[in-house]
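**Q** Below: one structure in structure tokens.
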Amino acid sequence: MLRNRDFRLFLIRRFIASFGQQVLTVAVGWELYERTHLALALGFVGLAQMLPMLLFTLPAGHLADNQNRKGIILAMTMVTAASSLGLTLLSALHAPTPWIYFCLFAAGSARTFLWPASSSFLPQLVSRQAFPRAVTWSTGSFHMSAVAGPAAGGALVALTHGAATVYALNAAAALVCLVLISLVRWHHVAAAREKMSLASLSAGFKFVFASRMILATITLDLFAVLLGGATTLLPVYAKDILRVGPHGLGLLQAALPVGSLVSALILAHRPPMQKAGRALLWAVTGFGLATIGFGFSKSFALSLLTLALCGAFDNVSVVVRQTLVQLLTPDEKRGRVSAVNSLFIGTSNELGGFESGFVAHWFGPVFSVVSGGVGTILVVLAVALIWPEVRRFGRLEGAEMTNDTMTNDQ
């Protein structure tokens with residue numbers, strides 16, 4: 001797999017981009033709170049990053065299917081570099097904070113266009129048989145950045161006594177990504193360009209709802225994320241339940257991506273899944289059970305273990321979902337379907353955090369986490385009953401669109 005030059009360049013670019021984003025997130029949060037001392041200022045960060053997803057996801061998918069995907073990745077990487085450079089100047093000059101949100105909105109817009117182009121570009125770099133392993137390596141690189149990025153961001157802010165240097169380094173990282181992706185030899189050429197219209201923009205939704213397997217896997221992952229949002233309440237557990245303070249909070253937050261990384265490394269060195277559908281159902285069930293275990297835990301060590309298990313099980317479901325979405329989708333629709341996938345999962349992350357906080361406010365954090373785990377298991381049962389073909393699905397690399405994977409009206 002790593003002998004594939006184009007894939008190797010793509011993988012390195014993904015790690016550097018993800019690592020830079022993790023570092024930047026820490027620096028932005030620190031600077032805004034340092035300058036405003038308002039928790040609301042941190043809330044606006046999430047809003048600035050979520051708005052582009054709601055506004056531009058469908059056009060981003062359309063462009064990914066009708067323009068050169070490599071060109072989109074290059075252009076949006078340049079926008080990311082420009083946004084980081086803007087943050088550097090704003091931080092150095094102590095400019096008004098609204099301009100920081102403008103740069104974050106620009107960076108969020110770039111990521112919104114990057115996601116469908118990048119996701120639909122990856123299947124073209126490797127063979128169909130190698131694609132499941134390529135997804136495993138790709139998710140592993142992301143989880144590695146999630147482990148190392150926040151720690152590096154905090155260390156850099158402490159070392160430089162400010163955020164400007166961190167922003168400048170992220171701009172430089174984006175330029176490195178620009179060089180890496182430009183060295184990829186493969187160029188995507190759209191088969192037949194469509195004009196942007198309501199029908200074209202909605203084609204991704206129509207295909208998702210017509211494909212039983214894709215709809216089932218996205219539904220399963222969406223509700224697992226929506227209900228199993230234990231990470232939102234980690235500060236509450238660290239302070240009031242486990243009583244481990246901010247240092248313990250950092251370890252709790254790192255446990256989930258560490259578990260995901262270990263899972264990715266194991267999957268990368270194992271033969272392809274023979275019963276991917278059952279693996280998906282068992283993985284999400286394991287995620288729910290581990291969430292319940294964390295909810296009841298009063299032991300710091302047990303809490304770290306259960307969170308790591310959550311990350312490991314989640315990684316399995318992510319690999320299966322991303323592989324199925326790409327392999328079951330015709331190339332001319334991959335951008336739009338990837339956009340729909342990112343919209344569903346991205347918004348469920350935000351809504352999941354709200355749901356966990358809302359339930360915790362009225363019924364307590366333990367009930368919120370445990371009920372979320374129970375709800376996740378119930379969703380698995382519902383999906384297994386409504387879409388029985390998920391249980392029967394076999395090898396990932398053999399995934400192809402058949403009558404069994406489509407709805408009756410297709």
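**Q** Taking the Cβ-Cβ separation of R185 and L351 as r and a Förster radius of 41 Å, what is the calculated FRET efficiency to the nearest 0.05?
**A** My answer for the efficiency is 0.50.
**Q** Something else about it: Pop the C-beta distance of A172 and L265 into the FRET formula with R0 = 25 Å and round what comes out to the nearest 0.05.
**A** After rounding to 0.05, the efficiency reads 0.30.
**Q** Using all Cα-Cα distances in the stretch 252-406, what percent lands in each 5 angstrom bin from 0 up to the longest?
**A** Calculated P(r), rounded to whole percents: 2, 9, 14, 20, 21, 16, 10, 6, 3, 1, 0.
**Q** Roughly how many nanometres apart are two label points built 7 Å out from the Cα toward the Cβ at L251 and T160?
**A** With each label placed 7 Å out from Cα toward Cβ, I get 3.0 nm.
**Q** Per residue, how large is the accessible surface of the stretch 1-126? Use a 1.4 angstrom probe and give square angstrom.
**A** It amounts to 43 Å² per residue over the stretch 1-126.
**Q** Based on alpha-carbon positions alone, could you give the equivalent ellipsoid semi-axes of the chain from the gyration tensor, as √(5λ), descending, whole Å?
**A** 31, 29, 20
**Q** Another question, if that's okay. Note down the relative contact order for the chain as a percent, whole number, built from C-alpha pairs under 8 angstrom at least six residues apart.
**A** 26
**Q** If I build a Gaussian network model for the chain, linking alpha-carbon pairs within less than 10 angstrom, which residue out of S141, S197, S120 has the largest mean-square fluctuation?
**A** Comparing S141, S197, S120 in a Gaussian network model of the chain, the most mobile one is S197.
**Q** Okay, moving on. Going 7 Å from the Cα of H94 along its beta-carbon direction, which residues of the stretch 16-44 have the amide nitrogen within less than 16 Å of the resulting point?
**A** Taking a point 7 Å out along Cα→Cβ of H94, the residues of the stretch 16-44 whose backbone N falls under 16 Å are 31-37.
**Q** Still on this model: If the reach is capped at under 30 angstrom between alpha carbons, list the lysines near K275, excluding any in the same chain fewer than eight residues apart.
**A** Cα-Cα hits under 30 Å: K206, K333.
**Q** So how far apart, in nm, are the two label points at L51 and F358 if each is 7 Å from Cα heading toward Cβ?
**A** Once both label points are built, they end up 2.3 nm from each other.
**Q** If R0 is 30 Å, what FRET efficiency do you get for K275 and F209 from their C-beta distance, rounded to 0.05?
**A** Computed FRET efficiency for K275 and F209 comes out at 0.70.
**Q** A follow-up question, please. Could you tell me how far the Cα centroid of the stretch 214-262 sits from the Cα centroid of the stretch 341-358, in Å?
**A** Cα centroid to Cα centroid, the span is 13 Å.
**Q** What is the distance in Å between the Cα centres of the stretch 1-75 and the stretch 125-160?
**A** For the stretch 1-75 versus the stretch 125-160, the Cα centre distance is 13 Å.
**Q** If I build a Gaussian network model for the chain, linking alpha-carbon pairs within less than 10 angstrom, which residue out of S119, S127, S83 has the largest mean-square fluctuation?
**A** In the Gaussian network model the winner is S127.
**Q** Something else: At 18 Å minimum axial length over the Cα atoms and a Kyte-Doolittle cut of -1.0, report the qualifying DSSP H helices in the chain, or say none.
**A** 5-36, 39-66, 69-93, 97-121, 131-160, 164-182, 212-227, 245-268, 276-296, 300-327, 334-363, 365-386
**Q** How do D240, D314 rank by accessible surface area computed with a 1.4 Å probe, from largest to smallest?
**A** Output order, biggest surface exposure first: D240, D314.
**Q** Probe radius 1.4 Å, ligands and nucleic acids left out: which of M144, M78, M50, M213 has the largest accessible area, and how do the rest follow?
**A** M78, M144, M50, M213
**Q** Across all directions of projection, what mean area in square nanometres is found for the Cα convex hull of the stretch 181-316?
**A** Spelled out: convex hull of the Cα atoms, projected over all directions, averaged, 12.7 nm².
**Q** Next question. Which whole-number percentage describes the relative contact order of the stretch 1-143, with Cα contacts under 8 Å and a sequence gap of 6 or more?
**A** 38
The values are calculated or read from the model by the stated rules, or taken from the named source; none is laboratory data. This structure is a prediction, so every number in the text was calculated from the model and none was measured. Please note: Cβ atoms are built from the backbone with ideal geometry, for glycine as well, and neighbour counts cover all protein chains shown. SASA here: full protein model, heavy atoms, side chains in, ligands and nucleic acids out. Shrake-Rupley method; radii C 1.70, N 1.55, O 1.52, S 1.80 Å.
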